[in-house]
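Presented below is the structure to which this report refers.
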Amino acid sequence: MASDNMLSSLANASDETEFYTPMPTGYVPGRTKYVVVFGTVMSGLGKGIFSSSLACIMQDKGLTVAPIKLEGYLNRDSGTLNPYRHGEVFVLDDGMECDMDLGTYERMLDQDLTRLNFTTSGQIFSTVLEKERQGRYLGRDVQMIPHVTGEVKMRLRELAVASEADLVFVEIGGTVGDVENAYFIEAVREMAYEEGSQNFCFVALTYVIEPPALGEQKSKAAQLNLKLLNAAGIHPHIIACRAHNPVTTKAREKLALYANVPMARVFSMHDCDSIYVIPEMLRGAGIDAAVIELLSLAERVDPVREEERRATWNDYIKRFRNARYPITIGVIGKYTALRDSYASVIQALEHAGATFSASVRIDWVDSSDLTASNLSERLAGLHGIIIPGGFGVRGVDGKIECVRYARQNGIPYLGLCYGMQIAVIEYARHVCGLEHASSTEIDRDCPHPVIDLLPEQADIVSLGGNMRLGGQDVELQPGSLAARLFGGARQTRLRFRHRWEVNPAYLDRLTSGGLVFSGWAPNQPIVQVLELPESTHPFFVATQSHPELTSRPLHPSPFFLGLVRASLIRSGVVPGDPPPAAADSAPAGACECRMAGSD
Ligand code: GLN
């Protein structure tokens with residue numbers, strides 16, 4: 001139990017004391033408990049996948065969970081990061097542009113997150129500097145400890161108050177030993193002390209090396225890195241060992257001995273064939289029981305719900321392992337060399353694939369390699385085509401030609417954001433006769449700017465956080481293919497991240513040319529979904545949104561279900577209707593990922 005007296009004396013810190021621990025209104029010590037996950041040895045261990053899986057099995061027990069990722073970089077959000085270096089920019093419903101791990105949490109937990117779930121050093125330092133200008137540090141010199149760490153603790157407690165969660169999952173970005181995340185580690189050390197025993201659980205994810213030349217697992221790097229954590233004042237309660245093969249008892253014993261952690265709490269987290277198998281693997285290993293015991297949470301567990309959820313997950317695992325109809329979807333992009341830049345597209349295809357027992361192979365096509373002469377040979381054999389989101393000019397001609405190929409050859413097509421804009425340009429040029437039609441993003445002086453800047457974007461000069469961002473309602477035209485994909489719904493909600501739109505001045509000409517605009521922003525002339533009539537094409541749908549961001553294993557995106565279904569038909573399979581998406585229906589998602597990935 002946290003010491004209430006100690007916390008309130010910290011909250012009332014003055015210039016007379018060394019303590020500085022601002023406390024959000026309504027914070028109840030001991031109500032919310034914390035699990036902190038650290039990465040050691042190296043990055044890329046799949047820390048986000050591990051923490052979200054652990055959060056998932058605690059949620060399965062009926063506990064409410066709220067994850068938070070603490071990023072060491074100075075950017076305020078991930079909006080200006082190059083996806084080629086950092087992976088996809090994930091967008092939350094409230095418009096926060098964040099790390100792709102937040103997507104993993106949303107998918108695993110089937111829960112929408114907000115900006116409270118994502119903190120960067122940039123956010124922390126700007127708050128501290130602002131407070132300093134407001135004189136809120138009472139004449140003190142502003143220091144990393146206690147002021148910057150105080151701000152980190154404030155964020156964690158604010159999330160606890162806002163979410164009323166039983167458990168806050170804190171994922172510390174980077175690796176122990178990095179300069180950038182050292183103050184996050186210090187902040188959780190301080191906070192664990194303030195909150196008292198049984199309120200904090202420290203989990204160290206580490207890596208056991210198995211050099212092929214030795215054919216034996218070596219734990220020295222893990223031992224040394226766990227010592228670094230000890231030197232920072234953190235004694236882990238649980239060690240999870242990432243490795244290619246199951247970690248041997250010998251390696252686990254060494255870690256237990258050197259790190260002073262009981263053997264029963266040193267777990268093997270070896271590679272597996274799907275990230276959605278990991279929750280069951282963690283459960284099987286007993287990590288959930290260890291957390292419940294360490295944090296005295298037994299009374300909050302709902303065993304009936306846990307059994308139901310367990311059955312749901314097991315059913316899912318069966319489904320994804322059963323995928324038997326192979327189809328190939330071409331994803332045409334610029335960053336195809338780095339799969340992480342399309343992480344959510346890959347996931348969304350897997351979710352939809354498993355629904356129809358399809359094993360989806362992705363053929364990555366770099367549009368800058370495509371020419372009129374090699375295009376049909378390169379795209380032959382694809383059962384469906386996706387043009388995902390993108391920015392700028394590179395590879396655009398190849399993308400336009402891909403859409404033409406899909407349209408003229410009846411290949412199922414799904415355009416996502418830029419992929420919708422490219423479809424409009426292609427249609428304007430080749431069907432509506434608008435020669436050199438383009439987007440002003442590609443050619444500022446084009447004669448027919450069928451895609452133009454959103455009016456509210458015209459005066460924006462800075463980059464970062466100022467696109468049309470986040471969740472928006474979409475009105476679907478009754479009777480359209482889009483409305484049918486959404487089960488006849490009149491309205492849905494999708495996520496956006498764009499500056500350009502279909503130019504309202506060209507709507508009439510495009511419509512009379514045969515393009516159907518079937519999804520609109522309420523009360524604004526912003527096209528959000530378009531399609532070709534099914535009488536002219538088996539499946540040609542594009543959206544200004546990013547439906548891949550809201551596809552979940554338990555609730556696959558209707559756009560992706562539509563594409564996969566049409567692609568199966570093209571491959572000669574007659575797919576059954578997907579089961580209705582309900583919170584407790586069997587989740588789906590054939591998946592070829594290993595646990596390793598972004599962290
Ligand atoms: N570049 C386009 C725009 O800003 C599309 C953006 C995207 O695909 N996310 O509107």
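Readers should treat all values here as calculations from the given coordinates under stated rules, not as data from a laboratory. Quick caveat, the model's predicted, so the values are computed rather than measured. All Cβ positions, glycine included, derive from the backbone under ideal geometry; neighbour counts span all protein chains shown.
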Provide the percentage of antiparallel DSSP beta bridges, counting only those with both residues in the chain; round to the nearest 5. 30
I'd like the FRET efficiency for Gln408 and Ala458, computed as 1/(1 + (r/R0)^6) with the beta carbon distance as r and R0 of 45 Å, rounded to 0.05. 0.80
Using a simple spin-label model with points 7 Å from Cα along the Cα→Cβ vector, what separation in nm is obtained for Tyr137 and Asp369? 5.3
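Report the trypsin sites (Lys or Arg not before Pro) located in the stretch 425-482 that are in a DSSP loop and have at most 11 other Cβ atoms inside 10 Å of their Cβ, or state none.
Passing both the DSSP loop test and the Cβ count: Arg444.
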Give the relative contact order (percent, whole number) for the stretch 345-486; include only Cα pairs under 8 Å separated by 6+ residues. 15
Report relative contact order for the stretch 319-366 in percent, whole number only (criteria: Cα-Cα under 8 Å, sequence separation at least 6). 62
Where does helix 182-195 land angle-wise versus the long Cα axis of the chain, in degrees 0 to 90, nearest 10? 60
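In percent, what relative contact order does the chain have, based on Cα pairs under 8 Å that are 6 or more apart in sequence?
With pairs under 8 Å counted, the relative contact order is 17 percent.
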Evaluate E = 1/(1 + (r/R0)^6) for Ser296 and Asn75, where r is the Cβ-Cβ distance and R0 equals 22 Å; express this FRET efficiency to the nearest 0.05. 0.05
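Sort Arg107, Arg407 so the one with the fewest other Cβ atoms within 10 Å of its own Cβ comes first.
By the 10 Å Cβ count, ascending: Arg407, Arg107.
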Heads up, the stretch 529-579 by the C-alpha gyration tensor (a ≥ b ≥ c square roots of eigenvalues; a/c under 1.5 rounded, else a/b over b/c prolate, else oblate) looks oblate
Sequence-distant aspartates and glutamates (8 or more away, or on other chains) whose Cα lies within less than 14 Å of Lys250: Glu210, Glu216
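Here are some pairs, Lys153/Lys318; Lys47/Lys218; Lys61/Lys153; Lys218/Lys334; Lys61/Lys220; Lys47/Lys227; which of them have Cα atoms lying more than 31 Å apart in this structure? List each step's numbers first, then the result.
Numbers: Lys153/Lys318 42 Å; Lys47/Lys218 20 Å; Lys61/Lys153 27 Å; Lys218/Lys334 39 Å; Lys61/Lys220 36 Å; Lys47/Lys227 19 Å.
Where the Cα-Cα span goes over 31 Å, the pairs concerned are Lys153/Lys318; Lys218/Lys334; Lys61/Lys220.
Quick one: which of 380-390, 230-240 comes out on top by average Cβ neighbours within 10 Å, and what's the full order, highest first?
380-390, 230-240
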Near the amide H of Ala240, under 5 Å away, which other amide H atoms are found, from residues 5 or more places off or on another chain, if H is placed in the peptide plane? Ala204, Leu205, Thr206, Phe267
Residue-count net charge about Ser219 - beta-carbon cut-off 14 Å; Lys, Arg +1, Asp, Glu -1: +4
Stretch Ser197-Glu180 to full length: gain in nm at 0.36 nm per residue minus the Cα-Cα span? 3.4 nm
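Give the calculated FRET efficiency between Glu18 and Leu507 to the nearest 0.05, with a Förster radius of 60 Å applied to their Cβ-Cβ distance.
Rounded to the nearest 0.05, the efficiency is 0.40.
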Neighbour-count order for Glu293, Glu195, fewest beta carbons within 10 angstrom listed first: Glu293, Glu195
If each DSSP helix of 4+ residues adds -39,500 (n - 2.57) and the sum is divided by the residues in the chain, what number results at 222 nm, nearest 500 deg cm²/dmol? -10000 deg cm²/dmol
